[in-house]
Amino acid sequence: MKIVILGAGGRLGASLMREYREKYDLAGFDHAQFDLANLDDVRGKLSAMNFDVLINAAAFTNVDACETERDRAFLINAEAPAVLAGICNKKDAKLIHFSTDYVFDGEKRAPYTEEDQANPISAYGESKLAGEKCVLAADNGHLVVRVSWVFGPDRPSFVDAMIKRAQQGEKIDAISDKFSTPTYTHDIADMLPHFFDRGVGGGILHFANSGKCSWQEYAQWALDCCCDAGLPLKGTTVGGLKLSEMTNWVARRPVYSVLSTAKYAELTGRASRAWRDAVADYITRFYSKK
Ligand SMILES: NC(=O)c1ccc[n+]([C@@H]2O[C@H](COP(=O)([O-])OP(=O)(O)OC[C@H]3O[C@@H](n4cnc5c(N)ncnc54)[C@H](OP(=O)(O)O)[C@@H]3O)[C@@H](O)[C@H]2O)c1
(Lines give C-alpha, C1' and ligand atoms only; values in the text may rest on other atoms or scores of the structure.)
Protein backbone atom coordinates (compact mmCIF):
# COMPACT_ATOMS: atom_id res chain seq x y z
CA MET A 1 0.00 0.00 0.00
CA LYS A 2 1.42 3.38 -1.01
CA ILE A 3 0.75 6.24 1.37
CA VAL A 4 1.48 9.95 1.02
CA ILE A 5 1.41 12.22 4.09
CA LEU A 6 1.04 16.00 3.88
CA GLY A 7 2.05 18.06 6.91
CA ALA A 8 4.88 15.61 7.57
CA GLY A 9 6.71 18.18 9.69
CA GLY A 10 3.80 18.80 12.08
CA ARG A 11 3.05 17.18 15.44
CA LEU A 12 0.76 14.54 13.98
CA GLY A 13 2.31 14.23 10.51
CA ALA A 14 5.82 13.65 11.87
CA SER A 15 4.52 11.00 14.23
CA LEU A 16 2.71 9.19 11.39
CA MET A 17 5.88 9.34 9.30
CA ARG A 18 7.95 7.78 12.08
CA GLU A 19 5.44 5.06 12.86
CA TYR A 20 4.64 4.07 9.25
CA ARG A 21 8.14 4.30 7.73
CA GLU A 22 8.92 0.61 8.21
CA LYS A 23 5.41 -0.65 7.52
CA TYR A 24 4.29 1.02 4.28
CA ASP A 25 5.56 2.38 1.01
CA LEU A 26 5.61 5.93 2.37
CA ALA A 27 6.30 9.43 1.14
CA GLY A 28 5.87 12.57 3.22
CA PHE A 29 6.03 16.28 2.51
CA ASP A 30 6.43 19.12 4.98
CA HIS A 31 5.32 22.72 4.55
CA ALA A 32 8.52 23.79 2.77
CA GLN A 33 8.23 20.93 0.26
CA PHE A 34 4.51 21.24 -0.36
CA ASP A 35 2.54 24.45 0.22
CA LEU A 36 -1.21 23.92 0.47
CA ALA A 37 -1.71 27.64 -0.11
CA ASN A 38 -0.48 27.19 -3.69
CA LEU A 39 -3.32 25.21 -5.24
CA ASP A 40 -1.74 24.97 -8.71
CA ASP A 41 1.42 23.56 -7.14
CA VAL A 42 -0.69 21.09 -5.13
CA ARG A 43 -2.46 19.93 -8.30
CA GLY A 44 0.78 19.64 -10.27
CA LYS A 45 2.76 17.76 -7.65
CA LEU A 46 0.06 15.40 -6.44
CA SER A 47 -1.26 14.52 -9.88
CA ALA A 48 2.20 13.23 -10.75
CA MET A 49 2.30 10.86 -7.77
CA ASN A 50 0.81 7.42 -7.28
CA PHE A 51 -0.74 6.47 -3.96
CA ASP A 52 -3.59 4.46 -2.45
CA VAL A 53 -4.06 6.66 0.63
CA LEU A 54 -3.43 10.38 1.03
CA ILE A 55 -3.26 11.56 4.66
CA ASN A 56 -3.70 15.29 5.16
CA ALA A 57 -2.22 16.27 8.54
CA ALA A 58 -1.38 19.77 7.31
CA ALA A 59 -3.50 22.68 8.46
CA PHE A 60 -3.41 26.31 9.55
CA THR A 61 -3.68 25.40 13.25
CA ASN A 62 -3.00 28.72 14.98
CA VAL A 63 -6.50 29.37 16.31
CA ASP A 64 -5.96 33.07 17.08
CA ALA A 65 -4.12 33.79 13.80
CA CYS A 66 -7.06 32.29 11.88
CA GLU A 67 -9.28 35.12 13.21
CA THR A 68 -7.09 37.80 11.66
CA GLU A 69 -6.05 35.76 8.58
CA ARG A 70 -9.45 34.40 7.71
CA ASP A 71 -8.87 34.10 3.95
CA ARG A 72 -5.66 32.15 4.52
CA ALA A 73 -7.46 29.89 7.02
CA PHE A 74 -10.14 29.03 4.46
CA LEU A 75 -7.55 28.59 1.68
CA ILE A 76 -5.45 26.07 3.64
CA ASN A 77 -8.15 24.42 5.76
CA ALA A 78 -10.98 24.25 3.20
CA GLU A 79 -10.04 25.04 -0.42
CA ALA A 80 -6.89 22.92 -0.37
CA PRO A 81 -8.64 19.83 1.08
CA ALA A 82 -11.27 20.21 -1.68
CA VAL A 83 -8.48 20.02 -4.25
CA LEU A 84 -6.95 17.02 -2.46
CA ALA A 85 -10.29 15.21 -2.51
CA GLY A 86 -10.72 15.89 -6.23
CA ILE A 87 -7.26 14.51 -7.01
CA CYS A 88 -7.94 11.42 -4.87
CA ASN A 89 -11.18 10.83 -6.76
CA LYS A 90 -9.33 10.86 -10.08
CA LYS A 91 -6.78 8.38 -8.75
CA ASP A 92 -9.39 6.27 -6.99
CA ALA A 93 -7.40 6.81 -3.79
CA LYS A 94 -8.72 7.36 -0.27
CA LEU A 95 -8.26 10.73 1.44
CA ILE A 96 -7.92 10.73 5.22
CA HIS A 97 -8.31 14.30 6.37
CA PHE A 98 -7.90 15.52 9.95
CA SER A 99 -10.30 17.90 11.63
CA THR A 100 -11.03 19.18 15.11
CA ASP A 101 -13.30 19.28 18.15
CA TYR A 102 -13.40 23.06 17.54
CA VAL A 103 -16.13 22.54 14.91
CA PHE A 104 -18.50 22.39 17.92
CA ASP A 105 -19.77 25.35 19.93
CA GLY A 106 -19.16 23.63 23.28
CA GLU A 107 -22.70 24.11 24.62
CA LYS A 108 -23.32 20.37 25.10
CA ARG A 109 -22.43 18.62 28.36
CA ALA A 110 -22.12 15.07 27.04
CA PRO A 111 -19.59 13.75 24.51
CA TYR A 112 -20.19 14.99 20.96
CA THR A 113 -21.06 12.25 18.46
CA GLU A 114 -20.50 12.33 14.73
CA GLU A 115 -24.23 13.05 14.30
CA ASP A 116 -24.19 16.19 16.47
CA GLN A 117 -24.63 19.48 14.69
CA ALA A 118 -21.35 21.34 14.22
CA ASN A 119 -21.57 25.05 15.04
CA PRO A 120 -18.10 26.60 15.13
CA ILE A 121 -17.47 29.75 17.17
CA SER A 122 -14.08 30.65 15.66
CA ALA A 123 -12.67 31.26 12.17
CA TYR A 124 -10.43 28.22 12.70
CA GLY A 125 -13.46 26.04 13.48
CA GLU A 126 -15.43 27.50 10.55
CA SER A 127 -12.57 26.89 8.13
CA LYS A 128 -12.06 23.33 9.38
CA LEU A 129 -15.80 22.59 9.09
CA ALA A 130 -15.79 23.98 5.54
CA GLY A 131 -12.84 21.64 4.79
CA GLU A 132 -14.75 18.66 6.16
CA LYS A 133 -17.73 19.48 3.94
CA CYS A 134 -15.52 19.76 0.84
CA VAL A 135 -13.90 16.38 1.55
CA LEU A 136 -17.22 14.64 2.24
CA ALA A 137 -18.88 16.24 -0.81
CA ALA A 138 -16.32 14.47 -3.00
CA ASP A 139 -18.17 11.34 -1.90
CA ASN A 140 -15.54 8.72 -2.60
CA GLY A 141 -15.36 6.92 0.74
CA HIS A 142 -13.03 9.60 2.11
CA LEU A 143 -12.59 9.85 5.88
CA VAL A 144 -12.61 12.92 8.12
CA VAL A 145 -11.05 12.19 11.52
CA ARG A 146 -11.83 14.74 14.23
CA VAL A 147 -9.32 14.75 17.07
CA SER A 148 -8.85 16.92 20.19
CA TRP A 149 -5.91 18.30 22.23
CA VAL A 150 -3.25 16.49 20.22
CA PHE A 151 0.07 15.78 22.00
CA GLY A 152 3.18 13.81 21.14
CA PRO A 153 6.97 13.94 20.94
CA ASP A 154 7.34 15.53 17.52
CA ARG A 155 6.31 19.09 18.33
CA PRO A 156 5.76 20.62 21.79
CA SER A 157 2.14 21.12 22.84
CA PHE A 158 0.34 22.34 25.97
CA VAL A 159 1.54 19.45 28.13
CA ASP A 160 5.19 20.03 27.22
CA ALA A 161 4.84 23.74 27.98
CA MET A 162 3.48 22.89 31.43
CA ILE A 163 6.34 20.46 32.15
CA LYS A 164 8.88 23.03 30.99
CA ARG A 165 7.43 25.64 33.35
CA ALA A 166 7.60 23.14 36.21
CA GLN A 167 11.23 22.35 35.38
CA GLN A 168 12.15 26.01 35.26
CA GLY A 169 10.36 26.86 38.50
CA GLU A 170 7.88 29.24 36.87
CA LYS A 171 4.35 29.62 38.22
CA ILE A 172 2.12 26.93 36.69
CA ASP A 173 -1.53 27.73 36.02
CA ALA A 174 -4.01 26.14 33.63
CA ILE A 175 -7.67 26.60 32.81
CA SER A 176 -10.01 24.68 35.09
CA ASP A 177 -13.35 25.29 33.36
CA LYS A 178 -12.72 24.10 29.78
CA PHE A 179 -13.07 20.39 29.06
CA SER A 180 -12.06 17.95 26.35
CA THR A 181 -9.71 14.96 26.05
CA PRO A 182 -6.03 14.74 25.12
CA THR A 183 -5.18 12.57 22.10
CA TYR A 184 -1.76 10.95 21.81
CA THR A 185 -0.31 10.98 18.27
CA HIS A 186 1.01 7.44 18.87
CA ASP A 187 -2.57 6.24 19.45
CA ILE A 188 -3.79 7.98 16.29
CA ALA A 189 -1.02 6.26 14.32
CA ASP A 190 -2.01 2.96 15.88
CA MET A 191 -5.72 3.18 15.04
CA LEU A 192 -5.60 4.78 11.59
CA PRO A 193 -4.60 1.68 9.53
CA HIS A 194 -8.02 0.19 10.38
CA PHE A 195 -9.37 2.74 7.93
CA PHE A 196 -6.86 2.56 5.07
CA ASP A 197 -9.09 0.28 3.01
CA ARG A 198 -11.49 2.17 0.78
CA GLY A 199 -14.46 0.16 2.00
CA VAL A 200 -13.94 0.87 5.71
CA GLY A 201 -15.17 3.92 7.54
CA GLY A 202 -16.01 6.68 5.06
CA GLY A 203 -17.54 9.84 6.54
CA ILE A 204 -16.76 11.43 9.88
CA LEU A 205 -14.98 9.63 12.72
CA HIS A 206 -14.21 10.97 16.19
CA PHE A 207 -11.01 9.79 17.83
CA ALA A 208 -9.48 10.82 21.16
CA ASN A 209 -8.17 9.09 24.23
CA SER A 210 -11.05 8.20 26.51
CA GLY A 211 -12.33 10.21 29.47
CA LYS A 212 -12.57 13.94 30.04
CA CYS A 213 -10.48 16.57 31.78
CA SER A 214 -9.82 20.27 32.20
CA TRP A 215 -6.46 21.73 31.20
CA GLN A 216 -5.66 22.04 34.91
CA GLU A 217 -6.33 18.31 35.50
CA TYR A 218 -4.35 17.43 32.37
CA ALA A 219 -1.33 19.48 33.47
CA GLN A 220 -1.51 18.22 37.06
CA TRP A 221 -1.57 14.60 35.91
CA ALA A 222 1.44 15.24 33.66
CA LEU A 223 3.41 16.70 36.58
CA ASP A 224 2.37 13.79 38.82
CA CYS A 225 3.67 11.37 36.15
CA CYS A 226 6.95 13.30 35.95
CA CYS A 227 7.33 13.02 39.73
CA ASP A 228 6.63 9.27 39.57
CA ALA A 229 9.25 8.95 36.82
CA GLY A 230 11.82 10.70 39.04
CA LEU A 231 12.07 13.77 36.80
CA PRO A 232 13.33 16.75 38.82
CA LEU A 233 10.69 19.51 38.94
CA LYS A 234 10.87 22.85 40.72
CA GLY A 235 7.06 23.11 40.88
CA THR A 236 4.57 20.27 41.27
CA THR A 237 1.17 21.96 41.68
CA VAL A 238 -0.95 23.44 38.91
CA GLY A 239 -3.13 26.37 39.91
CA GLY A 240 -6.54 27.01 38.33
CA LEU A 241 -7.42 29.77 35.87
CA LYS A 242 -10.87 30.68 34.58
CA LEU A 243 -11.55 30.78 30.87
CA SER A 244 -12.85 34.32 31.40
CA GLU A 245 -9.34 35.34 32.51
CA MET A 246 -7.84 34.53 29.09
CA THR A 247 -8.21 38.10 27.86
CA ASN A 248 -5.25 37.80 25.45
CA TRP A 249 -7.02 35.18 23.32
CA VAL A 250 -8.38 36.55 20.07
CA ALA A 251 -10.59 33.58 19.13
CA ARG A 252 -13.38 32.06 21.17
CA ARG A 253 -12.89 28.41 22.15
CA PRO A 254 -15.55 25.83 23.03
CA VAL A 255 -15.94 25.30 26.79
CA TYR A 256 -16.77 21.62 26.36
CA SER A 257 -15.61 19.61 23.34
CA VAL A 258 -15.27 16.00 24.47
CA LEU A 259 -15.55 13.69 21.44
CA SER A 260 -17.50 10.45 21.76
CA THR A 261 -15.45 7.50 20.50
CA ALA A 262 -18.43 5.10 20.50
CA LYS A 263 -18.46 4.90 16.68
CA TYR A 264 -14.73 4.11 16.65
CA ALA A 265 -15.30 1.33 19.20
CA GLU A 266 -18.21 -0.03 17.19
CA LEU A 267 -16.25 -0.07 13.92
CA THR A 268 -13.03 -1.55 15.30
CA GLY A 269 -14.11 -3.53 18.38
CA ARG A 270 -11.47 -1.57 20.31
CA ALA A 271 -11.78 1.16 22.91
CA SER A 272 -9.36 4.08 22.86
CA ARG A 273 -7.03 4.04 25.84
CA ALA A 274 -7.71 6.31 28.83
CA TRP A 275 -6.07 9.75 28.55
CA ARG A 276 -4.26 9.30 31.88
CA ASP A 277 -2.63 6.09 30.59
CA ALA A 278 -1.67 7.74 27.30
CA VAL A 279 -0.08 10.74 29.05
CA ALA A 280 1.73 8.48 31.53
CA ASP A 281 3.09 6.39 28.63
CA TYR A 282 4.28 9.52 26.80
CA ILE A 283 6.10 10.84 29.85
CA THR A 284 7.72 7.49 30.62
CA ARG A 285 8.91 7.11 27.04
CA PHE A 286 9.99 10.62 26.20
CA TYR A 287 10.77 12.39 29.48
CA SER A 288 12.25 9.84 31.85
CA LYS A 289 15.16 9.29 29.43
CA LYS A 290 16.01 13.01 29.17
N1 LIG B 1 -3.00 20.32 17.85
C2 LIG B 1 -4.20 20.07 18.33
O3 LIG B 1 -4.43 20.14 19.54
C4 LIG B 1 -5.32 19.67 17.41
C5 LIG B 1 -6.60 19.53 17.95
C6 LIG B 1 -7.64 19.16 17.12
C7 LIG B 1 -7.41 18.92 15.78
N8 LIG B 1 -6.16 19.07 15.26
C9 LIG B 1 -5.97 18.83 13.83
O10 LIG B 1 -5.01 17.80 13.68
C11 LIG B 1 -4.27 18.01 12.48
C12 LIG B 1 -2.78 17.98 12.79
O13 LIG B 1 -2.46 19.07 13.64
P14 LIG B 1 -1.09 19.12 14.46
O15 LIG B 1 -1.43 19.04 15.89
O16 LIG B 1 -0.10 18.16 13.91
O17 LIG B 1 -0.66 20.62 14.14
P18 LIG B 1 0.72 21.24 13.67
O19 LIG B 1 1.84 20.67 14.47
O20 LIG B 1 0.50 22.71 13.64
O21 LIG B 1 0.87 20.67 12.20
C22 LIG B 1 0.27 21.25 11.09
C23 LIG B 1 1.27 21.22 9.97
O24 LIG B 1 0.71 21.84 8.82
C25 LIG B 1 1.71 22.63 8.22
N26 LIG B 1 1.17 23.69 7.39
C27 LIG B 1 0.63 24.88 7.78
N28 LIG B 1 0.30 25.59 6.69
C29 LIG B 1 0.63 24.84 5.61
C30 LIG B 1 0.56 25.04 4.22
N31 LIG B 1 0.08 26.18 3.69
N32 LIG B 1 0.99 24.05 3.40
C33 LIG B 1 1.50 22.91 3.90
N34 LIG B 1 1.61 22.66 5.22
C35 LIG B 1 1.18 23.63 6.06
C36 LIG B 1 2.50 23.19 9.39
O37 LIG B 1 3.78 23.61 8.94
P38 LIG B 1 4.48 24.89 9.63
O39 LIG B 1 4.43 24.68 11.11
O40 LIG B 1 5.84 24.86 9.04
O41 LIG B 1 3.66 26.07 9.20
C42 LIG B 1 2.56 21.98 10.31
O43 LIG B 1 3.67 21.18 10.02
C44 LIG B 1 -4.78 19.31 11.89
O45 LIG B 1 -5.78 19.03 10.94
C46 LIG B 1 -5.43 20.02 13.06
O47 LIG B 1 -6.45 20.89 12.65
C48 LIG B 1 -5.10 19.44 16.05
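The values are calculated or read from the model by the stated rules, or taken from the named source; none is laboratory data. The shown structure was predicted, so the numbers you read here are calculated from the model rather than taken from an experiment. In this analysis, Cβ positions are derived from the backbone assuming ideal geometry, glycine residues included, and neighbour counts consider all displayed protein chains. For accessibility, only protein heavy atoms count, side chains too; no ligands or nucleic acids. Shrake-Rupley method; radii C 1.70, N 1.55, O 1.52, S 1.80 Å.
Read through the list (1) surrounded by 17 or more Cβ atoms within 10 Å (Cβ to Cβ); (2) in contact (Cβ under 8 Å) with a residue 24 or more places away in the chain; (3) more than 23 Å from Phe195 (Cα to Cα), then give the number of the only condition that Ala93 fails.
(3)
Take the residues in the stretch 1-14 that are under 18 Å from the mean Cα position of the chain (by Cα) and either part of a loop (DSSP other than H, G, I, E, B) or more than 8 Å from the ligand (Cβ to nearest atom) (or both), then tell me which one is farthest from Cys66 (Cα to Cα).
The initial filter retains those residues of the stretch 1-14 that are under 18 Å from the mean Cα position of the chain (by Cα), namely 4-14.
Then drop every residue that is not either part of a loop (DSSP other than H, G, I, E, B) or more than 8 Å from the ligand (Cβ to nearest atom) (or both), which leaves 4-5, 7-10.
On the way: Val4: 26, Ile5: 23, Gly7: 18, Ala8: 21, Gly9: 20, Gly10: 17 Å.
Residue satisfying both the conditions and the ranking: Val4.
Taking the stretch 70-90, which residues are open to solvent by 10 Å² or more (accessible area, probe 1.4 Å), in contact (Cβ under 8 Å) with a residue 12 or more places away in the chain and either under 25 Å from Gly44 (Cβ atoms) or not in a helix (DSSP H, G or I) (or both)? Walk me through how you get there before you give the answer.
Step one: filter the stretch 70-90 for residues open to solvent by 10 Å² or more (accessible area, probe 1.4 Å), giving 70-72, 74-76, 79, 82-83, 86-87, 89-90.
With the extra rule that they be in contact (Cβ under 8 Å) with a residue 12 or more places away in the chain, the set shrinks to 70, 72, 74-76, 79, 82-83, 86-87, 89-90.
If the condition is that a residue be open to solvent by 10 Å² or more (accessible area, probe 1.4 Å), in contact (Cβ under 8 Å) with a residue 12 or more places away in the chain and either under 25 Å from Gly44 (Cβ atoms) or not in a helix (DSSP H, G or I) (or both), then Arg72, Phe74, Leu75, Ile76, Glu79, Ala82, Val83, Gly86, Ile87, Asn89, Lys90 are the ones that fit.
Filter the stretch 253-281 down to residues that are assigned to a loop (DSSP other than H, G, I, E, B) and either in contact with an Asp or Glu (Cβ under 9 Å, 6 or more places away or on another chain) or open to solvent by less than 20 Å² (accessible area, probe 1.4 Å) (or both), then give me how many there are.
The qualifying residues number 7.
Filtering the stretch 15-47 down to residues that are within 24 Å of Phe151 (Cβ to Cβ) and open to solvent by less than 30 Å² (accessible area, probe 1.4 Å), which residue is farthest from the ligand (Cβ to nearest atom)?
Among those that are within 24 Å of Phe151 (Cβ to Cβ) and open to solvent by less than 30 Å² (accessible area, probe 1.4 Å), it is Tyr20.
Give, as residue ranges, the helices (runs of 4 or more DSSP H) completely inside the stretch 100-206 that count at least 3 residues that are of a type outside the set (Val, Ile, Thr), within 13 Å of the ligand (Cβ to nearest atom) and open to solvent by less than 10 Å² (accessible area, probe 1.4 Å).
123-137
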